[in-house]
1. On a C-alpha basis, how far is the centre of the range 13-50 from the centre of the range 248-305 in Å? Whole number, if you could?
2. From Cα pairs below 8 angstrom and at least 6 apart in sequence, can you work out the relative contact order of the chain, rounded to a whole percent?
3. Assuming R0 = 30 Å, can you tell me the calculated FRET efficiency for the pair residue 397 and residue 39, based on Cβ-Cβ distance, to the nearest 0.05?
4. Could you give the size of the charge dipole of the range 290-379 about its Cα centre, using +1 on the Cβ of each K and R and -1 on the Cβ of each D and E, expressed in debye and rounded to the nearest 20?
5. Rank-order 70-77, 356-363 by packing density, defined as the average count of other C-beta atoms within 10 Å over each peptide's residues, highest first.
6. In the Gaussian network model of the chain, springs joining C-alpha atoms below 10 Å, which of 185, 146, 81 carries the largest mean-square fluctuation?
7. Quick test of the membrane-span-like rule: which DSSP H helices of the chain reach at least 15 Å along their long axis (C-alpha atoms) with mean Kyte hydropathy at least 0.5?
8. Which whole-number percentage describes the relative contact order of the range 1-58, with Cα contacts under 8 Å and a sequence gap of 6 or more?
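Coordinate-derived values only; no laboratory data. Just so it is clear, the structure is predicted and the values come from calculations on it, not from any experiment. We place every Cβ from the backbone using ideal geometry, glycine too, and count neighbours over all the protein chains shown.
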Amino acid sequence: MSSDLVDLTAAQASERVRAGEVSTADLFEAWREQAAADSLNAYRWVADGPPPETEAGAPLAGVPLAIKDLFCTEGVPSAAGSRILEGYRPPYTATAVERLRAAGAPMLGKTNMDEFAMGSSNENSGFGPVKNPWDESRVPGGSSGGSAAAVAAGLAPWAIGTDTGGSIRQPAALCGIVGLKPTYGAVSRYGMIAFASSLDQCGPLTRDVTDSAILFRHMLGRDGCDATSLDFPHTIERPTAERLDGIRFGVPPELTGEGIERGVLEVFDRVVAAIEALGGAVEEISLPHAAHGLAAYYVLAPAEASANLARYDGVRYGVSAGADELWENYARTRGAGFEPEVKRRIMLGTYALSAGYYDAYYVKAQQVRTLIKDDFDAVLSTVDAILAPTSPNVAFKIGAKADD
C-alpha cells in the first residue's frame with residue numbers, strides 16, 4: 001500500500017483520500033517512512049509521529065508537506081541551514097506554513113538548504129551538501145535544494161521553498177520538477193527568515209503543474225503581519241487546457257545566447273518547437289538591460305543581507321560563543337557561526353552601504369533594477385510570457401565549483 005501511495009501525485013492522493021480509499025493517517029505514515037529513509041541529506045528534521053488528524057474534506061486532504069528550513073515552525077528546529085541558529089525553535093509559525101496547514105497539509109519535515117538561502121548548489125549548508133537524486137555525485141541546485149531533491153526522489157509529495165535570485169526555479173530545473181517563484185507580495189513573508197527582503201518570495205516545488213497550482217492557491221493573500229503582501233486578483237485554478245492557441249511567447253536573445261551550455265540550448269529549442277506545435281505564437285523580444293541584472297543583484301542582495309543578518313549576535317537567540325566581553329562575544333559567535341559564503345556576502349553588502357560608496361553602488365544598482373523592470377513591463381505589454389532557460393548549465397559535480 002505505502003509504495004502505491006508515494007507513486008501518486010499530490011492531486012491524485014487527495015482524490016483517493018476524499019473517495020475514502022485511504023486515510024489521512026495512512027497517507028502521512030507512508031510519506032513519513034519515505035522521508036525518514038532519506039540518504040540524500042535532503043532533510044534536517046522529520047516528524048517522529050502522526051500530526052493531529054486532518055479532515056479528509058480539507059482542501060489539501062492531508063497530503064503532507066516538506067518545508068524549507070528557512071521557515072519558522074513553532075517548536076520545531078528552524079536553523080536556516082546555519083550553525084549560528086542550530087537548535088533554535090521558534091515561538092511562532094510562518095504565515096505560509098500556517099495557511100497550508102489550515103488547508104490540510106501537515107508538516108512532514110524541514111529540508112536542508114544553503115545557509116540563509118545564499119547559494120545555488122546546496123553546498124553552502126552548515127549541515128553538509130544535499131545530493132541530487134538522479135546522480136548523487138552532483139548538486140541538486142540551491143538554495144532550496146533539499147526541497148527539490150526530496151520531491152524529485154519521492155521523499156515528499158510536494159514542498160515549499162524560497163526564491164531570492166533563482167532559489168526555487170534553479171533547483172527545480174536541476175532536479176527535473178516544477179518550481180514557481182510567485183510575484184513579489186503574492187505570498188506573505190512573515191516568519192520566513194530574511195535574506196534580501198525586497199527580493200525574497202515563497203513558492204511551491206512539485207511533481208507537476210497541477211500540484212503547483214493547488215499548493216499555490218492556498219498560500220496566497222494579504223497578511224496583516226507583512227505590509228508588502230497583497231490580495232491576489234483572482235483565484236488560482238487547476239490547469240485544464242491542452243493547447244496554447246492564442247498565447248504569445250517572447251524569446252529574448254539576451255537570455256538565450258552566450259554562456260549557456262549547448263545541451264541546455266538544444267533542450268530549450270525543443271521546448272520552443274513544442275510550444276509552437278501546440279499553437280503558441282513565439283517571437284523574438286529584447287530586454288536590453290538584462291545583461292546588468294547579475295551585477296545589480298550582487299550589490300542589492302548582499303546589502304540587504306548585511307542589514308538582515310546583523311541580528312545574529314549570540315545574545316537574543318541561537319548559538320553564543322560565551323565570551324566575557326560583549327564585542328568579543330559578537331565577533332566569536334559570528335566568526336564561528338557563519339560559513340564562508342555568508343561572510344563574503346555580509347562584507348560585500350556592508351561595503352556597498354558604507355559612507356562614500358552608498359550612492360556609487362547601492363543607489364546605482366537600484367536605478368539599474370528599475371531599468372530592468374521597465375524592460376519587462378514593456379515586453380509583457382506585447383507578449384503573455386517570456387521563455388528562457390532556467391539555468392545556463394546542468395547539475396555539476398559536488399565540489400567542482402567550490403573555488404569559483
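1. 37 Å
2. Numbers: 883 pairs, mean separation 60.7, N = 404.
Relative contact order, the chain: 15 percent.
3. On the way: r = 18 Å, r/R0 = 0.61.
With a Förster radius of 30 Å, E is 0.95.
4. Working: 10 positive and 11 negative charges, 16 e Å.
The calculation lands at about 80 debye.
5. On the way: 70-77: 19.9, 356-363: 13.5.
Order by mean packing, descending: 70-77, 356-363.
6. 185
7. Working: long enough: 24-36 (18 Å, -0.48); 262-277 (22 Å, 0.84); 293-308 (22 Å, 0.64); 326-337 (16 Å, -1.03); 340-353 (20 Å, -0.03); 364-379 (23 Å, -0.46).
Long hydrophobic helices here: 262-277, 293-308.
8. Numbers: 31 pairs, mean separation 22.6, N = 58.
Averaging sequence separation for qualifying contacts and normalising by length gives 39 percent for the range 1-58.
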